[in-house]
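Below: one structure, written as structure tokens.
The values are calculated or read from the model by the stated rules, or taken from the named source; none is laboratory data. Here the structure is a predicted model, which means the values were calculated and not measured. Neighbour counts run over all protein chains shown; Cβ positions are idealised from the backbone, glycine included. Calculation scope for accessible area: heavy atoms of the full protein, side chains included, ligands and nucleic acids excluded. Shrake-Rupley method; radii C 1.70, N 1.55, O 1.52, S 1.80 Å.
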Amino acid sequence: MLTVEQKQKIVTAANDYIVEKKISQADCSLVVSINQGYLSCMLRGKFVIENKDQQTEIHDKWFLAMAQTVGHQHEKTYWDFLLTIQTKEVLTYLEDFKKHRMSGAIICKTGFGKTYTIDRFVMKNPGDTIRITVSSLHRLRDILDEITRYLGLTMAASITNTYRILQIIHEVRTRHRNGLRPMLIIDEAENLNVSVLRMIKAMYDGFADYCPIVLIGTEELDVKLARAISKKTEGMPQFYRRFKAGFRRVSNKLEFGLFFDKYKIEQPLRKLLLELCDNYGELHDYLEPVLREADLTGEKVTEERFRLYHNMPKCKP
């Protein structure tokens, strides 16, 4: 449970973030995905909502969501954001797409830190970045609803998908004319189905020079598009033509050494981790809890301590 002091520090960081990024409270509520009424109270240092004769304390989860969005560490962390070659490439591609208002796709292996890097980019550009993450369960309406929510649009359930797309295009163009530089990022894009890809093509045409669309996914996105094009699936050759020049593929080279040096990992444990881990995500899952335990107990992170934590006995030679 967060203390009042921790909540106040998070609120201070959030107010500083809003001023620094020159965004409104409404924009901040959309980025954090928090009720605007809750956010308004929190930013005024009021942590209880009064409704007639009833008082409801604002849940800790909203403060934690805000802390994550504005980059405030309310507790000690054991895994830092390091600039791997993949992080540098993804950030460079995103900044280039944004600067030149160019649509495209970033292909990156799973576990290479792409989503973590996107979080940092959105944190840096909160006011005009629309970011959604899709799953295989997302339908076309679900994705349109998420985009309209990010844009602060309200539409009745009876509104058709075509009209929703037209309203999204209108809002994006309006924001561009008002001096913003909107950008739509769709993460986990390998989960997109053909109907959604057709919708993206329609938005691409409507956004024109107003808002780049960036798809971010694993190699499965490449495979899915190639299959759809080879089968001459309706609309897919036209879709690929629009995004083809903007396809970027992130390096597969792993830089575990950055993490080994950062956390002073001894050579025997480095060798073991290299055998166990295929990506940064797996390295985090194996190493972070051991770093946490070692800090709490005051012990060194050794191969023996690592094996003991993960119940991984050392084989005799």
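If a residue counts only when it is touching a Lys or Arg at 6+ places or on another chain (Cβ under 8 Å) and farther than 28 Å from residue 117 by Cα, which helices (runs of 4 or more DSSP H) contained entirely in the stretch 260-316 have at least 1 such residues? Break it down stepwise before answering.
Numbers: elements: 267-276, 280-297, 303-309.
Where helices (runs of 4 or more DSSP H) fall fully within the stretch 260-316 and carry at least 1 residues being touching a Lys or Arg at 6+ places or on another chain (Cβ under 8 Å) and farther than 28 Å from residue 117 by Cα, they are 303-309.
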Which condition number does residue 102 fail, the rest of (1) modelled with pLDDT of 90 or more; (2) open to solvent by 50 Å² or more (accessible area, probe 1.4 Å); (3) outside any loop (DSSP other than H, G, I, E, B) being met? (3)
Kindly check whether there is at least one residue in the stretch 236-255 that is surrounded by 18 or more Cβ atoms within 10 Å (Cβ to Cβ), within 24 Å of residue 86 (Cβ to Cβ), in contact (Cβ under 8 Å) with a residue 24 or more places away in the chain and aromatic (Phe, Trp, Tyr). yes
Against the definition (touching a helix residue (DSSP H, G or I) at 6+ places or on another chain (Cβ under 6 Å) and farther than 21 Å from residue 125 by Cβ), how does residue 144 come out, yes or no? yes
Tell me, which residue of the stretch 16-47 that is of a type in the set (Phe, Trp, Tyr) and over 21 Å from the mean Cα position of the chain (by Cα) is farthest from residue 152 (Cα to Cα)? 47
How many residues does the stretch 81-99 hold that are over 22 Å from residue 31 (Cα atoms), open to solvent by 50 Å² or more (accessible area, probe 1.4 Å) and part of a loop (DSSP other than H, G, I, E, B)? 1
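Which of the residues belonging to the stretch 49-76 are touching a strand residue (DSSP E or B) at 6+ places or on another chain (Cβ under 9 Å) and open to solvent by 30 Å² or more (accessible area, probe 1.4 Å)?
Within the stretch 49-76, 49, 50, 55, 56, 57 qualify.
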Testing residue 12 on (1) at pLDDT below 85; (2) out of contact with any helix residue (DSSP H, G or I) (no Cβ under 7 Å at 6 or more places or on another chain), one condition comes back false. Which one is that? (1)
Filtering the stretch 194-223 down to residues that are open to solvent by 60 Å² or more (accessible area, probe 1.4 Å) and either under 20 Å from the mean Cα position of the chain (by Cα) or within 16 Å of residue 239 (Cβ to Cβ) (or both) yields 198, 204, 205, 219, 220, 223
Here is a list of conditions, (1) in contact with a strand residue (DSSP E or B) (Cβ under 6 Å, 6 or more places away or on another chain); (2) on the phi < 0 side of the Ramachandran plot; (3) not aliphatic (A, V, I, L, M), and residue 270 meets all of them except one; can you say which number that is? (1)
Apart from one, (1) under 24 Å from residue 180 (Cβ atoms); (2) open to solvent by 40 Å² or more (accessible area, probe 1.4 Å); (3) touching a residue at least 24 places away in the same chain (Cβ under 8 Å) all hold for residue 20; the odd one out is (3)
Residue check: is residue 78 in contact (Cβ under 8 Å) with a residue 24 or more places away in the chain and part of a helix (DSSP H, G or I)? no
Residue check: is residue 26 out of contact with any Pro (no Cβ under 9 Å at 6 or more places or on another chain) and open to solvent by less than 30 Å² (accessible area, probe 1.4 Å)? no
